[in-house]
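The values are calculated or read from the model by the stated rules, or taken from the named source; none is laboratory data. This one's a predicted model, so the numbers in the text were calculated from it and none came from an experiment. Virtual Cβ from ideal backbone geometry, glycine too; neighbours counted across all protein chains shown.
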Amino acid sequence: MAITVMQRVEMKYLLGPEQTDFLRERLKGHMEADQYGKTSIASLYYDTPTFRLIRTSVEKPEFKEKIRLRSYGLATEESPVFLELKRKAYGTVYKRRVETTIPLVRKFFSGEGDICAPGQINREITVFRDFYKTLVPSCLIIYDRTAYYEPGGDLRLTIDEDPRYRVDDLTLTKSMDGVSLLEKGRTVLEIKVQQAMPLWLAEILSEGGIGKGSFSKYGEAYRQQLLKAQNL
């Protein structure tokens, strides 16, 4: 099974409709959309029953970590999915990722077995599970992503449309429906680099009035759920 390790700097931006159109146009000649085009992605986040992981994350510490199960499109019990352990320390993102299946993940979080063949990443994810002891599905985040790459370079850029969430029917196999996290037309831009952002991209962002922000889809879903609970 495929195993991937990633280490990079990730920068996030919230864009309005005009900024999104501007950016797509200005990227021509610099970056290309990958072979998959626009893809619907679903990420099922696991957390403790007291939401320890997301409560820590929204406090913006220097170190934070999350674990999620990701599918590209609607999953089945047999289709490949990806269990990802994502950590962020002092601005750098470290991601450990294994390909697996939903039944194996279900058994893994119940403490019955491993998620894939033995290996270093499998051991890291197992240590994470055992440290937090009880991890259960807590929130499903869904969005429609177009990913761009720089030919011959390590720069990656993604534009996520209609980010949405749900806290019921927490499965990757039912639907891609959810409650919108942003106003209609707004998108989330993520820039992912191994080192520094290229000058040409910095100039495009400046020209488009696109300023760096801070946005966590899971964090925003958690905030919205808290507001709903307070208004009951």
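A single member of L83, L74, L104 is out of contact with any Asp or Glu (no Cβ under 7 Å at 6 or more places or on another chain), assigned to a helix (DSSP H, G or I) and over 26 Å from L226 (Cα atoms), and it is L104. Could you tell me whether P49 is exposed (fewer than 15 other Cβ atoms within 10 Å of the Cβ) and over 19 Å from S216 (Cβ atoms)? Spelling it out, P49 is indeed exposed (fewer than 15 other Cβ atoms within 10 Å of the Cβ) and over 19 Å from S216 (Cβ atoms).
Every condition in (1) buried (at least 16 other Cβ atoms within 10 Å of the Cβ); (2) at pLDDT 90 or above; (3) not in a loop (DSSP other than H, G, I, E, B) is met by D130 except one, and the failing one is (1).
Within the range 213-232, being touching a helix residue (DSSP H, G or I) at 6+ places or on another chain (Cβ under 8 Å) and either more than 21 Å from Y143 (Cβ to Cβ) or not in a helix (DSSP H, G or I) (or both) holds for one residue alone: S216. Would you pick out the residues in the range 86-101 that are part of a strand (DSSP E or B) and either farther than 20 Å from S214 by Cβ or in contact with an Asp or Glu (Cβ under 8 Å, 6 or more places away or on another chain) (or both)? Hits for the range 86-101 are K86, R87, K88, A89, V93, K95, R96, R97, V98, E99, T100.
Working carefully through the options L205, L157, L182, find the one that is under 15 Å from E220 (Cβ atoms), at pLDDT 95 or above and buried (at least 16 other Cβ atoms within 10 Å of the Cβ). Walk me through it before giving the result.
Values: L205 fails: under 15 Å from E220 (Cβ atoms); L157 fails: under 15 Å from E220 (Cβ atoms).
Answer to the selection: L182.
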